[in-house]
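Asks: I have a structure I would like to understand better, so I am pasting it below and will then ask my questions one at a time.
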Amino acid sequence: MSILDLFGNANKKTSKSDASAHWVKCKSCQSLMYYKEIEKQQFVCPKCGFHMRIGVNDRINILVDKDSFVEFDAGLKPVDPLRFVDKKSYVKRVEEGIAKTGRNSSVVSGECTINGIGTQLVVFDFAFMGGSLGSVEGEKILRAVTRAMEKRQGVIIVSASGGARMQESTFSLMQMSKTSAALARLAEEGLPYISLLTDPTMGGVSASFATLGDIIIVEPGALIGFAGQRVIEQTIGSALPEGFQRAEFLLEKGSIDMVVNRSEMKNTIADLLGIFLDQEPMTATRRREDSDDSDDDHEEEYKQSKILY
Ligand SMILES: [Zn+2]
């Protein structure tokens, strides 16, 4: 064994990536937490309640019944109709997005059950080109809505996006109307669409399907808007109020329907789907069965949630 091997091993053991993989710092209160612990808390800071950004897989695990998610249309891949080049070519950016995320687009779509209710689920991946909306993403949403109409199900879209994808220009902007038209047909069929907005949801996404939900739910503290705060301030020439474009501010102004904690998200969505589709979610039954000794707890939780939301 050469002496270099010893140094190689030593470096491996103390490498920054290994250490940082175990610890997470809360961006809000700066507390340092063990990764496994925060993972159990669904990536919500136990000290201050800050909702950290999470990846697609964690999001799906939190929302759906165990092992129920079946992905569709994973093979759909962007083309480059405009041969667009900015600092890098669009083709190169797509390649990098695929290498980084292992996905072909910024949307994962599929079918699942949520507390036993069959649902079409679409989740944006912010890690793939900032969760931007291009032709593939629009097509995947359309197909999810079509499947929902065929199977008489609801649609959930979880948005996390910087907006329309500039590298596809008008092709991208057209996805705003394409998705909106699809959701209008879903509404004509009397089927529900619940839009879950997560941090951040901006631009053409917030200006189309993300704010067309029968119910619009937002995670606490999430940034939701069209243009960024600085751009607006420069345009109107004055400062914006505290908390502008944050979930709680939007709720107060009536732009959204609910701010829901991540720990309550699955049950809330299942209950809403149950009401719209006239189906009873599994937890409703389970809650009643469990109610012997925990009635007071639920009562207390309910009171607190009323205050929070
Ligand atoms: Zn915190």
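Asks: Enter the Cα centre distance for the pair region 96-140 and region 248-273, rounded to the nearest angstrom.
Replies: When both Cα centres are located, 21 Å separates them.
Asks: All other residues with a Cβ under 12 Å from the Cβ of F171 taken together, and with Lys, Arg as +1 and Asp, Glu as -1, what is their net charge? Intermediate values should be presented prior to the final figure.
Replies: On the way: positive: R165, K178; negative: D80, E137, E139, E168.
Result for the local shell: -2.
Asks: Now for a separate question. Let me check I've understood the local charge: for V136, count other residues with C-beta under 11 angstrom from its C-beta, Lys and Arg +1, Asp and Glu -1. What total comes out?
Replies: Values: positive: K77, R103, K140, R143, R165; negative: D73, E137, E139, E168.
Charge balance near V136 sits at +1.
Asks: Follow-up question, since we're still on this one. Please compute the length gained on full extension between F50 and E248, using 0.36 nm multiplied by the number of residues separating them and subtracting their Cα-Cα distance. Each step should come with its number before you reach the end.
Replies: Values: separation 198, 0.36 × 198 = 71.28 nm, distance 1.30 nm.
So the chain would gain 70.0 nm between F50 and E248.
Asks: Within region 152-233, which GluC sites (Glu not before Pro) sit in a loop by DSSP and count at most 15 neighbouring Cβ atoms inside 10 Å? Before the final figure, lay out the partial values.
Replies: Details: sites: E168, E188, E189, E233; in loops: E189.
Sparse-neighbourhood loop GluC sites (Glu not before Pro): E189.
Asks: OK, next. If I stretch the segment between E188 and Q30 completely, what's the gain in nm (0.36 nm per residue apart, minus their alpha carbon distance), one decimal?
Replies: Details: separation 158, 0.36 × 158 = 56.88 nm, distance 4.74 nm.
Difference between extended and current length: 52.1 nm.
Asks: Can you work out ³J(HN,Hα) from phi for every residue in region 214-230, in order, using Karplus 6.51 cos²θ - 1.76 cosθ + 1.60 and θ = phi - 60°, giving whole Hz and x for Gly and Pro?
Replies: 4, 10, 10, 10, 10, 6, x, x, 5, 8, 10, x, 9, 8, x, 4, 5
Asks: Can you give the net charge of the other residues whose Cβ lies under 12 Å from the Cβ of L250, counting K and R as +1 and D and E as -1? Working shown, then result.
Replies: Details: positive: R246, K253; negative: E219, E248, E252, D257.
That works out to -2.
Asks: What trypsin sites (Lys or Arg not before Pro) in region 200-279 are in a loop by DSSP, with at most 12 other Cβ atoms within 10 Å of the Cβ? Before the final figure, lay out the partial values.
Replies: On the way: sites: R230, R246, K253, R262, K266; in loops: K253.
Counting only loop positions with at most 12 other Cβ atoms within 10 Å, the trypsin sites (Lys or Arg not before Pro) in region 200-279 are K253.
Every read-out reported here was derived from the displayed coordinates using simple, explicitly stated rules and does not represent laboratory data. Just so it is clear, the model here is predicted, and its values are computed rather than measured. Heads up, the Cβs are rebuilt from the backbone with ideal geometry, glycines too, and the neighbour counts pull from every protein chain shown.
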